[in-house]
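Worksheet: one structure, shown below.
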Amino acid sequence: MNSTLLQGHKVLVCGIANEHSIAYGCAKAFHELGAELAITYLNEKSKTYVEPLARELGASIFLPLDVARPGELEAVFARIGKDWGRLDSLVHSIAWAPYEDLRGGLLNCSADGFAKAMDVSCHSFVRMARLAAPLMDKGGTMFAMSYYGANKVVSNYNVMGPVKAALEASARYLAFELGPKNIRVHPISPGPLKTRAASGLKDFDLLLNEAAQRAPLGELVDIMDVGFTCAFLATPYARRLSGETVYVDGGVHIMA
């Protein structure tokens, strides 16, 4: 592995909850290829788990970020602008829905719950892109984490299916709008992984077992598989790729 492939590359990673998070896999992969990291944590409770990881990866910027709290997103990008003066890559790995709306099926999802899920899980990526674009004056890459349930019905995925579908569509439109600035945007669709966010889904263990059985490669992916995919897409080797949903699932999505 070329540990200097992304030397000097400035990356913001949002959404690490613990060492099992997809966002942590992304941060670790970028770090292993030589990138410099800015890492965010949700609140003081999550800081306990995220701070040691940020320290391990040598993150030079470490800030709180709850995208539902006014001003916090702007503060993160203001700090990046002040300390770095630019940004090369952005990883958005944030998703949330009220528990009762997530567990109750789409028919029973409240309007308020749907709106909150859409705001935190989808529109926050649009807001991040708006703030990141001026810092990517020499081009850059943006990543948003999706899931197979955005395109096909996955039992118990419920409101997050329409929300992730909106996220993928948003990423495509951002790829179109930001393309002239040489900013590439990728929705990433990992296979099922044991993360804290996934634990909120009913019968998630059944999804894991089914994915392992159906995958042409015969096994589940891990967070580093997702991380190295993003890191590759940020390199010059992927300079003409943008807007496509990239599946990192061992081939599960090709199966009928």
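Just so it is clear, none of the values below were taken in a lab; they were calculated from the coordinates. Since this is a predicted model, take the numbers as computed values, not measurements. Note: ideal-geometry Cβ built from the backbone for every residue, glycine included; neighbour counts use all protein chains shown.
Given Cα pairs under 8 Å that are at least 6 residues apart, what percent is the relative contact order of the chain? Averaging sequence separation for qualifying contacts and normalising by length gives 20 percent for the chain. When the scattering of the chain is computed by the Debye formula from its Cα atoms alone, each counted once and equally, what is log10 I(q)/I(0) at q = 0.07, 0.14, 0.15 Å⁻¹? Relative scattering, expressed as log10 I(q)/I(0), comes to -0.21, -0.92, -1.07.
By the gyration tensor of its Cα atoms, with a ≥ b ≥ c the square roots of the eigenvalues, what is the shape of region 45-88: rounded for a/c under 1.5, prolate for a/b over b/c, or oblate?
Verdict is oblate for region 45-88.
Please state the shape class of region 1-128: rounded when a/c is under 1.5, otherwise prolate if a/b exceeds b/c and oblate if not, all from the C-alpha gyration tensor. Prolate. In this structure the amide hydrogen of Thr141, modeled in the peptide plane, comes within under 5 Å of the amide hydrogens of Ser89, Leu90, Arg184, none closer than 5 places in sequence on its chain.
Is region 77-118 best put as rounded, prolate or oblate by its Cα gyration tensor, with a ≥ b ≥ c the root eigenvalues, rounded for a/c under 1.5, and otherwise prolate when a/b is larger than b/c, oblate when not? Cα axes put region 77-118 in the prolate bin. Per-residue Karplus couplings for region 5-15, computed as 6.51 cos²θ - 1.76 cosθ + 1.60 with θ equal to phi - 60°, are listed in order as 4, 10, 4, x, 5, 9, 10, 9, 10, 10, x Hz, Gly and Pro entered as x.
Taking region 157-180 and a reference point 7 angstrom along Cα→Cβ of Asn108, the backbone N atoms nearer than 14 Å belong to 157-159. When the chain is treated as a Gaussian network with alpha carbon springs shorter than 10 Å, the biggest mean-square fluctuation among Ala144, Ala115, Ala97 belongs to Ala115. For region 45-50, backbone phi angles converted through the Karplus equation (6.51, -1.76, 1.60; θ = phi - 60°) give residue-by-residue couplings of 4, 6, 4, 4, 8, 8 Hz, Gly and Pro being listed as x.
The lysines whose alpha-carbon is closer than 23 Å to the alpha-carbon of Lys28, local same-chain residues fewer than 8 away aside, are Lys10, Lys45, Lys47, Lys194.
The phi-based Karplus calculation (6.51 cos²θ - 1.76 cosθ + 1.60; θ = phi - 60°) puts the 3J(HN,Hα) values of region 170-181 at 4, 4, 5, 5, 5, 4, 5, 6, 9, x, x, 8 Hz, whole numbers, x for Gly and Pro.
Calculated [222 nm] ellipticity per residue, helices only, for the chain: -12000 deg cm²/dmol; basis is -39500 (n - 2.57) per DSSP H run with n ≥ 4, divided by all residues, nearest 500. Computed from point charges on the beta carbon alone (+1 for Lys and Arg, -1 for Asp and Glu), the dipole magnitude for the chain about its Cα centre is near 560 Debye. Near Val163, once Lys and Arg are set to +1 and Asp and Glu to -1 for all other residues with Cβ below 13 Å from its Cβ, the sum equals -1.
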